[in-house]
Structure formats: structure tokens, C-alpha cells
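Engineer: A single structure is presented below for examination.
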Amino acid sequence: RWKPYFVAVITAAIAAEWCGQLSRSYRHGMFNYDSLWYHLPMAANFVRSASFMTLKLYDADIVVSTYPGGSEVFHAIGMLAVGSDLLSPLLNIGWAALLLLAAHVIGRRYRCPHLAVASVLPVLALPIVLQVEALSALTEMMGLACLVAAIAFMLQGELTGVDGGAQGSGRLVLVGLSLGLV
């Protein structure tokens, strides 16, 4: 009986730390080099050009300009919604929430959802994750959340007994989309 409360308390403590970092990001701005170098400029270019296909040089090295822009698409959607990068610091918190939800779904498959969530919490509490992911436009949190979500989608089909048909195809599409964003 105590497990859900214990996990809830630990989750709340880590969420409070993430929110503290979010507050710092809104007070002082994002300072992460990669966020300022190409993540946010790539998203702004998507908005400015109204296309995901234009190639813009962010550096003398062409390789940087050809990096995949998975998370940058979501930053661009936020920029379109509010007219600035105001929502960008919130995006990794959303990915962290998706990670916890996916871990819960996986754990539910094995009748230990609280243990599954507790197993992911140390990753969210790592100092490097708190200092970088919680207040930047980096992509690692999105990749981790999408990978765990893909596993959850696959296991959810087994849990519900869906083997084929339209529901099975839809689940397969969700798995593919999740893995594609990794």
C-alpha cells in the first residue's frame, strides 16, 4: 500500500526540481550551447520558411545543418502557436511526463507500475539531466520518452489481446512514429 505514495513523493520532489530549473530558464533564458547554436535556430527557420525541407547553414560545417530535426518540429509548432520560443522550455517537461506515463504502462503489463515509474525516476534526477535537459531545447529527453513509449505501445497490444485488424495497424503506426522520433 505504501508504494504508490512513496513513488508519488519522489516524483513530486523531482518535478519540483524540474520546475525550479524551468523557472531559472524563464528568468535567465536558455543558455545551452546546442540549443542556441542549432536546435532553436532550426525551429525558427522552419517557422520562417514555412517548410521543413529548406536547408539553412548554421555553421561552416554542413553536417550540423543536416542533423535530423525531430524535436525542432515540436519547438516550431510552439513558436507558431505563441509567436516566440516561450513554450520551448516546457517541451522537455512534457517529454519527461510522457516517459513516466510510458514506464507506468510497461509496469502495468507486469503488475508493478509503481516500480516501473520508480526505475525511471533516477534518470530524471541525474544532475546533468536536471541542469541541461530541464532548461534547454535538447533532444535526448524526447528520444528516451519516444523509445519507452514505443515499447509501451507494443506491450499494450499484448495486454489488450489485439493481434491484428485496424487496432493492431494503428498500434503499429504509433510504434513506428515513436521509433521514428528517437
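Engineer: Over all alpha-carbon pairs in the stretch 21-71, figure out the percentage whose distance exceeds 16 Å.
Structural biologist: That tail contains 46 percent of the Cα-Cα pairs.
Engineer: Right, here's the next one. In nm, to one decimal, how far is the modelled label at V73 from the one at K56, with both set 7 Å along Cα→Cβ?
Structural biologist: So the label points at V73 and K56 sit 1.8 nm apart.
Engineer: Tell me, Kirkwood radius of the stretch 49-137 from alpha-carbon pair distances, in Å?
Structural biologist: Evaluated over the stretch 49-137, this radius sits at 15.4 Å.
Engineer: Pick from I128, I93, I151: which is most flexible by mean-square fluctuation in a GNM of the chain where alpha carbon atoms under 10 Å apart are linked?
Structural biologist: I128
Engineer: Under a plain spin-label model, where a point goes 7 Å from the Cα along Cα-to-Cβ, how far apart in nm are E140 and A97?
Structural biologist: Label-label distance for E140 and A97, simple model: 2.3 nm.
Engineer: Based on DSSP H assignment, which helices of the chain show an axial Cα extent of at least 20 Å together with a mean Kyte-Doolittle hydropathy greater than or equal to 0.0?
Structural biologist: TM-like helix candidates: 2-28, 88-109, 140-160, 165-181.
Engineer: Rounded to the nearest 0.05, what FRET efficiency do Y5 and C112 have when you use their Cβ-Cβ distance and R0 = 22 Å? Please report the intermediate quantities before stating the final value.
Structural biologist: Working: r = 15 Å, r/R0 = 0.70.
So, using R0 = 22 Å, E works out to roughly 0.90.
Engineer: Equivalent-ellipsoid semi-axes (√(5λ), Cα gyration tensor) for the chain, whole Å, largest first?
Structural biologist: Taking √(5λ) for each Cα gyration eigenvalue gives 31, 23, 12 Å.
Engineer: While we're on this one: Taking springs between alpha-carbon atoms closer than 10 angstrom, which of V120, V73, V63 fluctuates most in the Gaussian network model of the chain?
Structural biologist: Greatest mean-square fluctuation among the candidates belongs to V63.
Engineer: Here is a further query. For the chain, what is the relative contact order in percent, using Cα pairs closer than 8 Å and at least 6 residues apart in sequence?
Structural biologist: Rounded, it is 25 percent for the chain.
Engineer: Helix-only estimate, please: 222 nm mean residue ellipticity of the chain, summing -39500 (n - 2.57) across DSSP H runs of length 4 or more and dividing by its residues, to the nearest 500.
Structural biologist: Theoretical 222 nm ellipticity from helices: -24000 deg cm²/dmol.
No value in this document is a laboratory result; all are computed from the given coordinates. The model shown is predicted, which means the values in this text are computed figures rather than measured ones. Quick reminder, even Gly has a Cβ in these numbers, built from the backbone with ideal geometry, and neighbours come from all protein chains shown.
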